[in-house]
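Since every read-out is calculated from the coordinates, none of them should be taken as a lab result. Please read all numbers here as calculations on a predicted model, not as lab measurements. Because the Cβ atoms are built from the backbone with ideal geometry, glycine has one as well, and the counts that use them run over all protein chains shown.
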Amino acid sequence: MLRSISATSTDAMSSSDNKPERTLADLGVTQPDQVLSLFAEVRARFDGQVSRPLDHPGWEILRQSWLGRKSGVLMLIAEHWLKPAAPDLKRSVGQELNKLKAHLETTLEERRLDVESLADHAASIRDRVDLSLPGVTRRSGSHHLIRRVFQEIEDIFFSIGFSVVEGPEIETPYYNFEALNIPEFHPVRDDMDTFYLELPPSPDKKTAPTPLLLRTHTSPMQIRTMEKQKPPVRVIVPGKVYRRDNPDATHSFAFHQIEGLAVDTDITFCDFTGTIEYFVQQFFGPSVKTRFRPSYFPFTEPSVEFDVSCPFCGGTGASNGNTCSKCKGAAWIELFGAGMVDPAVYGFVNYDAKKVSGFAFGIGIDRLAMLKYGIDDIQIFFQNDVRFLRQFP
Ligand code: DAH
């Protein structure tokens, strides 16, 4: 580190060097060669001061003390030596003064550049980034468990020829209900406490605007897909659905489903149960069994509810001598609803119900994720607490 010395005006004009304040006559200078040596003396004094280490304020003080307009040494010399000089000395004093001035100016300018580059250098040392310091590690995120379960299920259905389609979360009652064979005032609508949107009046202000709602299930995509596509159809539809449920450990106003639909000219009930069994065994493991019970959905006929033998107690209902906490001793766990597509639905999409047949299913993803990964509160999926999310890297 350079120790810088600040020049002071007393340095430049110490009492023993007060010659510039006196006249030449006073100093006894009468000959040109005396003038030369006097100037040489002043110059040497300057050279001594300017060659010391300097910081910027020190340089400025030095400059003032030599070139300052009021009491700089150069000014004093002009005042006391040049002005009153005898005519035969004036010329040489003038010449020497000019030389001295040029010397002071160039030397001070050179030093200014030095001082500045030293300051820059010091600043760059001070601000230097220490590349040997360990960096801040930012953990990369991971898929949300729901996204991961979607992926697992999608992969299973990809492997047997299904493809993925997605649809709007804001739906019309036609797609969410009517075309799925759920007419207005059908009691099954009461099971779905639906969010209807408040809409602005229609532009003509006379007709009522078409009502819109947050879809209560992914089933509307059955209709949208069949409207666009002739059989064969084999799709799954992952997505968010909404119902006006009060939140608790198993209910949330937003949750996730995967809809499935397969329609072709020769699909049988056997294809249906075989597909579901394949999916369930891929998802929970080869040792689980499936069974179905009769159920009711307006858009399937017959309709069933699929159960899986409890994967946690091996379908025995007991674990370590106690009642299995997952299936509550029932040995079976209810999984999801499904069925053969009701011929009435084909009527809404211009399929010939005499020629085609198919099956559909609607899997609740949150429930399946909770079962498979041992999670007992659905709310945790929506809290985005990293302590939970990090458990599924
Ligand atoms: N959409 C039904 C629901 O949300 C689930 C469902 C049941 C979908 C049977 C289907 C099905 O495709 O065949 O409760």
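Some observations on this one:
- Sorted by Cβ neighbour density within 10 Å, fewest at the top, the residues Phe336, Phe388: Phe388, Phe336
- Each residue, Ala40 and Ala249, gets one label point 7 Å from its Cα in the Cβ direction; the gap between the two is 10.5 nm.
- Amide hydrogen neighbours beyond the local backbone of Val304, cut-off 5 Å, H modeled: Ser295, Ala338, Gly339
- Its DSSP H runs of at least 4 residues, each contributing -39,500 (n - 2.57), put the calculated 222 nm mean residue ellipticity of the chain at -11500 deg cm²/dmol, to the nearest 500.
- Most mobile of Gln34, Gln282, Gln379 in a GNM of the chain (Cα contacts under 10 Å): Gln34
- Database note for the chain: Cys without another Cys beta carbon under 4.7 angstrom, Cys270.
- Translational diffusion of the stretch 274-350, µm² s⁻¹ [Kirkwood Rh, Cα pairs; Stokes-Einstein; 20 °C; 1.002 mPa s]: 156
- For the stretch 147-389, share of DSSP beta bridges that run antiparallel, in % to the nearest 5: 95
- Three-way shape label, the stretch 212-343, alpha-carbon gyration tensor, a/c 1.5: oblate
- Given in Å, the Rg to one decimal and the Dmax to the nearest whole number for the Cα atoms of the stretch 9-126 are 16.0, 58.
- Under 29 Å from Lys354, Cα to Cα: lysines that are on another chain or at least 8 residues apart: Lys228, Lys230
- Under 30 Å from the Cα of Lys289 - lysines, other chains or at least 8 residues apart: Lys240, Lys326, Lys328, Lys372
- Tensor-based shape of the stretch 260-300 (alpha-carbon gyration tensor, a/c under 1.5 rounded, otherwise prolate or oblate): oblate
- With a Förster radius of 41 Å applied to the C-beta separation of Asn384 and Lys355, the computed FRET efficiency comes to 0.25.
- Only Cα pairs under 8 Å and 6+ residues apart enter the sum, and on that basis the relative contact order of the stretch 147-389 stands at 19 percent.
- Remark: C-alpha extents of the chain on the principal axes read 134, 69, 37 Å, sorted largest to smallest.
- The His144 and Asn322 beta-carbon pair, evaluated with R₀ = 30 Å, returns a calculated FRET efficiency of approximately 0.40.
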